[in-house]
Amino acid sequence: MSTDLPQSKEAAVKLADSDFSNDRRKHDMNSALLDYWHKIKAGELGALPAILGLIALVALFTALKPETFLSKGNIANLATQALPITILAMGLVFVLLLGEIDLAAGVSSGVCATVMAKLMADSGQPWYVAVLSAIAIGVVIGTVIGWLVAFLRIPSFVVTLAFFLGLQGITLWLIGEGGTVPVRDDFVVALSNKNMPIWLGWALAIACVIAYTATLLLRWRRQHVRNLHSKPLGFVIAQCAVVGLALLLSTYVLSLDRAPSPLITLGGIPWGVLLVGALLVICTFVLGRTGYGRHIYAVGGNAEAARRAGINVTRIRISVFMIASALAAISGIVAASRLNSVATDAGGGNTLLYAVGAAVIGGTSLFGGRGKARDAVLGGLVIALIANGLGLLGTKAYLSYLITGVVLLFAASIDALARRRRSSTGR
């Protein structure tokens, strides 16, 4: 009896654990939606406002301009139109995660694009030398800004405002007032104006769907085996299906012939979309799967607590400005590719405002600690949709500014209210 009792207890414990685990898994599907609703009520909105905004804008402009808005040519134009703002916003996400701001990101892109164009047009340098030099200039600009913010403790608003003014002067000095520098290199021009072969677009789309599905399912299995909290399998499969369907549908539409004349064929995914996709994967991996990314979130959430935990806060601050300026350089290169030239106002005007707006609309918090690389893509699409749709409607310029400003203010208000709600619920 004495030897059987422990075995009986052990068996009972295992049975209870098994029942608890099975009961937890059984109720996961029933409680997942309720848990998600509680998160929304607590201010954990994520990308939901941006997704709802995209759906609403597509429905609105389709109803107002059904013959042109969803045409094959306009969808491809939308994808190209969103490229520079999306890349610039992706860099700003890193800065905003720390609760900082980079007002010079837009004009930094203009300076870097000018350097690239001058090297190719005046010095005859190959495209790879010019492009790498432009990105290196961006990294240098970000390093200086980060050093001033991190070491001298000058507020990022003041530092980047000074660079916003000064870098415009450098662009004027390099190009000359009223001048432009042509961009004729085939590789650079192809980024925004050429399309990849249709077979390659389908191959990449299918590979992305398989990789995305495999990643989510392997993560779910790893959490399930270790008895960790995980989403219900049905939800994971549904998420894979929705993302995969959206990717394949986009590939199908962009692969259709959209040439205005039957004498030529024009189809395929623009090369710039592939560039944005690659940057999205890299930035998502850095923020979500590396210690460096976790340190960024830690510093953005509470810099003093992160410092006491042994995180080099100064290094993190400098590095995010370096990343933002490097991506600003790439954004400037893509913008120059789209226009086939660089002008003195490159990166100026509303470029920065649209990029910040894209990051915030996508779900990145202005107060730091919350945001993902995907926010830049979703927000960039919203900004591009507004500009494209209003252009098709023939809206006057002042109305376009007013409407875009209202959308940005609405997004910032949602962010502020969500933050207040998270604070009140202790999240």
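List of remarks:
- Cα-based Rg / Dmax (Å) for region 52-148: 18.4, 52
- Annotation: ARG221 carries an accessible surface of approximately 150 Å², with a 1.4 Å probe and no ligand, DNA or RNA atoms counted.
- Relative contact order for the chain, counting Cα pairs under 8 Å that sit 6 or more residues apart, in percent: 35 percent
- Residue with peak Gaussian network fluctuation, the chain [Cα springs, cutoff 10 Å], from TYR398, TYR292, TYR128: TYR398
- Rolling a 1.4 Å probe over the protein heavy atoms leaves CYS283 with an accessible area of roughly 10 Å².
- Heavy-atom accessible surface of the chain: percent carbon and sulfur, 1.4 Å: 67 percent
- Most mobile of LEU353, LEU174, LEU204 in a GNM of the chain (Cα contacts under 10 Å): LEU204
- Spatially close Lys pairs in the chain, defined by Cα atoms under 21 Å apart and a spacing of eight or more places or different chains, total 10.
- By a 1.4 Å probe calculation restricted to protein chains, PHE164 has an accessible surface near 60 Å², given to the nearest 10.
- Mean accessible surface per residue for the chain, computed with a 1.4 Å probe while every protein chain stays in place, in Å²: 52 Å²
- Helix content alone sets the calculated 222 nm mean residue ellipticity of the chain: runs of n ≥ 4 DSSP H residues at -39500 (n - 2.57) each, divided across all residues, give -26000 deg cm²/dmol.
- Gaussian network model of the chain, Cα within-10 Å springs - most flexible of SER133, SER341, SER413: SER413
- Local electrostatic count at PHE164 - Lys and Arg +1, Asp and Glu -1, tallied over other residues with Cβ under 15 Å: -3
- With a 1.4 Å probe rolled over the protein heavy atoms of all chains, the accessible area of SER109, SER71 falls in the order SER71, SER109, largest first.
- Label corresponding to P(r) over Cα pairs in 20 Å bins from 0, in percent when calculated from the structure given, among [x] 22, 43, 23, 11, 1; [y] 23, 54, 19, 4, 1; [z] 20, 48, 24, 7, 2, 0: [y]
- Kyte-Doolittle mean at least -1.0, axial Cα span of 20 Å or more - DSSP H helices of the chain: 48-64, 105-121, 127-150, 156-175, 198-225, 233-255, 271-289, 313-339, 373-392, 397-425
- Neighbourhood charge, 14 Å Cβ-Cβ cut-off, centred on TYR128 and excluding it, Lys, Arg +1 and Asp, Glu -1: -2
- Put ARG219, ARG258, ARG226 in order of accessible area, highest first, and with a 1.4 Å probe you get ARG226, ARG219, ARG258.
The values are calculated or read from the model by the stated rules, or taken from the named source; none is laboratory data. None of these values were measured; they are calculated from a predicted model. Positions of Cβ are backbone-derived with ideal geometry, glycine not excepted, and every protein chain shown enters the neighbour counts. Note: areas computed on protein heavy atoms with side chains; ligands, DNA, RNA excluded. Shrake-Rupley method; radii C 1.70, N 1.55, O 1.52, S 1.80 Å.
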